[in-house]
Amino acid sequence: MNQFEKQIEGVVDRILEDYRQDREIDQMDIFRHPDRDVMVELIQKLRRIIFPGYFRDKNYHIYNAKHNLAVLIEDVMFNLSNQIALVLKGNGASQMEAMEKAQSLCVAFFEQIPQIRAYVDTDLQAAYDGDPAATGMDEIIFSYPGLFAITVYRMAHVLYELGVPMLPRMMTEHAHSVTGIDIHPGATVGRYFFIDHGTGIVIGETTVIGENVKVYQGVTLGALSTRGGQSLRGKRRHPTIEDNVTIYAGASILGGDTVIGQGCVIGSNVFITESIAPGTTVTIKNQELQYRQRKS
Amino acid sequence: MNQFEKQIEGVVDRILEDYRQDREIDQMDIFRHPDRDVMVELIQKLRRIIFPGYFRDKNYHIYNAKHNLAVLIEDVMFNLSNQIALVLKGNGASQMEAMEKAQSLCVAFFEQIPQIRAYVDTDLQAAYDGDPAATGMDEIIFSYPGLFAITVYRMAHVLYELGVPMLPRMMTEHAHSVTGIDIHPGATVGRYFFIDHGTGIVIGETTVIGENVKVYQGVTLGALSTRGGQSLRGKRRHPTIEDNVTIYAGASILGGDTVIGQGCVIGSNVFITESIAPGTTVTIKNQELQYRQRKS
Amino acid sequence: MNQFEKQIEGVVDRILEDYRQDREIDQMDIFRHPDRDVMVELIQKLRRIIFPGYFRDKNYHIYNAKHNLAVLIEDVMFNLSNQIALVLKGNGASQMEAMEKAQSLCVAFFEQIPQIRAYVDTDLQAAYDGDPAATGMDEIIFSYPGLFAITVYRMAHVLYELGVPMLPRMMTEHAHSVTGIDIHPGATVGRYFFIDHGTGIVIGETTVIGENVKVYQGVTLGALSTRGGQSLRGKRRHPTIEDNVTIYAGASILGGDTVIGQGCVIGSNVFITESIAPGTTVTIKNQELQYRQRKS
């Protein structure tokens, strides 16, 4: 045993010792936790179920796409119900209770897949109608981060509404990581939702968004203050955005009592903490700029 | 068959039924679509071609790097031409036409690799010169999201100029996902382009950027309004940035008639919709702040 | 040999020829470079060492988690010391020197793992206390990008302080890619650090942050100007944030002489280049908005 190997032995012992402090980060009950990698794979498979002809399965040469999709749906149902069972067990359910409840939640989720697809189809249409750079529907399905974030949110929201713990947020945070768009699964979002570019968007847990709303990069739909911390849990903290509203890049709309009336246009970088009457266009009045000419 | 299995059967049937509505999201013609995962792998291989000594191939023990690179280039040319053929078929070309045209587009693209590398070499130099935190060229090549986004953009732009549909945008959106930097492949960007930090940058389809330009995080080079939607397709909507311009974090420069003259410095958070004369430094005049002292 | 194959041959020759220009991007000495993919895998394994019960190893069925962790720690120590040796060789050390120094740096790093875990445990607590949407510690560990970015930063900072070249920045830029949060490994950050949402945050190399600080999405802790480029290397360019400061979304605090006193609250979008006395709340005085009602 050379010196490095001896040092490794000592280091290993000290780290194992450090695990014995029983803090939150020292918890070892791995069999009561969901598996993050499995969840990411399930998101990708669910995307194939939502857009059946666009993302392929590498494992099969497909003669009959429907057979393949049937196999895929069964696979996702089994694996998703296992993950749900794990988090239910983590929350204290018995093995038996957890599995039964997980299966019924999973069936309830899949019953809503056609409804999710009906909504996502409107989001796709909204992206095409709203973006002059879009050359076709397939380009949007393959490339647009906004549509991906909305699709994952729509699935996560159904699980959130069914009361599934933890997994909905893991799903939307995966989409956040991929797209820079952070939509809490608790938010409520109507049909024909369009997000352009999207990086930096934050949509908080108790936000309510109507139909046909457009949101650009860097927009925050947030809370006025979160200094109350955990005491604010469950309270309405985020705004209401009514139908046909457009919110341009970098605007912030804050507060649980703030209602942006239907048809409003909120300009870039506008900062709003009060309600706006329907049909209003709000822009920054004048950003006083200073121009200094370089001598040359 | 237990109850869960019976329920799965019912769910599968209802989802397969839902696929029969012939909406865009119900399209099943998977063999006319490019493969997103293959495209991501091609981007990684193309990066190895651009920076031959920096990113390794795990599959070979390399005795002769050049043999390995020759094999790599052939591999990418075959696979990229297959993906191009798929999108051409998706746009209506016959199998034969698609393959022939794809191969000639692919050769035309690779003919420009030395030109792309010449540009990327200037971008690398610009990053080193512009960032006091940079400790060396290799650190920039391995770590800097800006250089990665620019490299992918430069390759995608060549494919875009050659008229290849869909794939250029898939490439830049992959880079957007990895870096938070959204450069449309249609934009035109001169040599020595430096992006620092980069998250939240948006550079629109018809933007024209000169040489030696620096852009920081959160900058938008965008359209004034996209309410025209698809009717604006192909029109000039994004600004012109001339040589030696620096644009600090969070600034927005909008509109197809907006020209930022050479040597301008655009300050943080400045919002510009009109042209600026060469050599001008533009900053926000005064952001009136309110200071409230907490009693203690 | 068909026409495409002949063209490929020509292209390969021209690209190989292009590699002979001896620019930075033409460097081929692959055995003196770290391996980016190995580093990403090491980050994931290090996360399992920091949070031993939360992220599993797919390769083992674990009967005894501690045996498994011991194996994991050994594995990471061997592989990390190899990567350190590669960058030391790249900086000119001999094979023998590089390996010896790398092993001693690696041991020094691992000696600080308990300290890193003690800090990360406070960050976890701060996230739970600060976010009304958090339903539990496990949700934060699995989902919150802020905690991930801080964890990677805390590990990278130890390596940076030990003088390991290049790898610390590769680590934080990986976290930047995953989360949109860009913390330079040179920054100094106290305990109980909370980042909410996080996309677009930039924390520069010479920033000093106290204890119990909260930072929201889009905040820049940056340099006033980087026009000096490489001549500024090593100089203090970024601000000091004292204990118990909250910095809301989109605020920018710039400059190496700027000190934000303890207990300050910096409002959304505030732009600061001068020091602020302790206990001050700074907000934008009035953003003059323009309201235009649409006729209907």
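For segment C:184-296, carbon and sulfur atoms together expose 47% of the accessible surface, with a 1.4 angstrom probe and every protein chain in place. Counting, for every residue in C:164-175, the Cβ atoms of other protein chains within 10 Å of its Cβ and taking the mean gives 3.
When the solvent-accessible area of segment C:42-179 is split by element, carbon and sulfur atoms take up 50 percent of it, the probe being 1.4 Å. The mean count of C-beta atoms from other chains within 10 Å of the C-beta of residues in A:243-250, rounded to a whole number, is 3. A Förster radius of 30 Å, combined with the Cβ-Cβ distance separating B:V38 from C:V38, puts the computed FRET efficiency at roughly 0.80. Placing a label point 7 Å from Cα along the Cα-to-Cβ direction at B:A118 gives distances to the equivalent points in the other copies of 5.8, 5.8 nm, listed shortest first. Only Lys, Arg, Asp and Glu carry charge here, each on its Cβ (+1 for the first two, -1 for the last two); on that basis chain C has a dipole of about 680 debye about its Cα centre. Pairs of alpha carbons in chain A separated by more than 23 Å make up 63% of all such pairs. Per q in 0.05, 0.06 1/Å, what log10 I(q)/I(0) does a Debye calculation on the alpha-carbon atoms of the protein assembly as shown return? Debye curve over Cα of the protein assembly as shown, log10 I(q)/I(0) at q = 0.05, 0.06 Å⁻¹: -0.27, -0.39. Charge dipole (Cα centre; +1 on Lys/Arg Cβ, -1 on Asp/Glu Cβ; no other charges) of the protein assembly as shown amounts to roughly 1780 debye. Calculated mean residue ellipticity, 222 nm, chain C: -14500 deg cm²/dmol, from DSSP H runs (n ≥ 4) at -39500 (n - 2.57) each, averaged per residue and rounded to 500. For segment B:21-158, take the alpha-carbon Rg, divide it by the Kirkwood Rh, and send me Rg/Rh. Rounded to two decimals, Rg/Rh equals 1.05.
With only the Cα atoms considered, segment B:160-291 has a convex hull volume of 126 Å³ per residue.
Burial here means at least 10 square angstrom less accessible surface with every protein chain in place than with the chain by itself, probed at 1.4 Å; in segment A:24-43 the buried residues are A:E24, A:I25, A:Q27, A:M28, A:I30, A:F31, A:H33, A:P34, A:D35, A:R36, A:D37. For segment B:1-130, a simple Cβ point-charge model (Lys and Arg +1, Asp and Glu -1, everything else neutral) yields a dipole of about 480 debye relative to the Cα centre. Heavy-atom accessible surface of the protein assembly as shown, averaged per residue, reaches 39 Å², computed with a 1.4 Å probe.
Translational diffusion of segment A:149-189 was estimated from the Stokes-Einstein equation, with Rh taken as the Kirkwood radius over Cα pairs; at 10 °C and 1.306 mPa s the coefficient is 166 µm²/s. Starting from the label point of C:M96 at 7 Å along Cα→Cβ, the same points in the other copies fall at 6.9, 6.9 nm, in ascending order.
Counting Cβ atoms of other protein chains within 10 Å of each Cβ in C:213-224 and taking the mean gives 4. Which one, B:G228, A:T273, C:G256, projects farthest toward the positive side of the charge dipole computed for the protein assembly as shown from Cβ point charges (K/R +1, D/E -1)? Going by the charge dipole, the pick is A:T273. In nanometres and ascending order, the distances from the A:L16 label point to those of the other copies are 5.3, 5.3 (point 7 Å from Cα along Cα→Cβ). When the alpha carbon gyration tensor of segment B:2-45 is reduced to an equivalent ellipsoid, the three semi-axes, largest first, read 32, 17, 6 Å.
Less than 19 Å from a label point 7 Å out along the Cα-to-Cβ axis of A:D13: which backbone N atoms in segment C:105-126 qualify, by residue? Backbone N within reach: C:107-115. Note on chain C: with a GNM built from Cα contacts shorter than 10 Å, the maximum mean-square fluctuation among C:T172, C:T206, C:T280 falls on C:T280.
Between B:M28, B:M170, B:M39, find the one with the highest GNM mean-square fluctuation for chain B; connect C-alpha pairs within less than 10 Å. It is B:M28.
Expressed as a fraction of 2.2 N^0.38 Å, the C-alpha radius of gyration for segment B:75-151 is 1.53. Applying 1/(1 + (r/R0)^6) with r as the Cβ-Cβ distance of B:L162 and A:T281 and R0 = 45 angstrom yields a FRET efficiency of 0.60. Buried between B and A is an accessible area of approximately 6100 Å², summed over both sides with a 1.4 Å probe. Stokes-Einstein, applied to the Kirkwood radius of segment A:130-228 over Cα pairs at a viscosity of 0.692 mPa s and 37 °C, places its translational diffusion at 238 µm² s⁻¹. Projected label points at A:D29 and B:E74, each 7 Å from Cα along the beta carbon direction, are separated by 5.8 nanometres. If you sort the three axes of the alpha carbon gyration tensor as a ≥ b ≥ c, you get a/c of 1.5 or more for segment C:228-296 and a/b no higher than b/c, which makes it oblate.
The values are calculated or read from the model by the stated rules, or taken from the named source; none is laboratory data. Please read these numbers as outputs of a predicted model, since none were measured by experiment. Ideal geometry is used to build each Cβ from the backbone, glycine not excepted, and the neighbour counts take in all protein chains shown. Accessible surface is based on the protein model in full, side chains and every heavy atom, while ligands, DNA and RNA are left aside. Shrake-Rupley method; radii C 1.70, N 1.55, O 1.52, S 1.80 Å.
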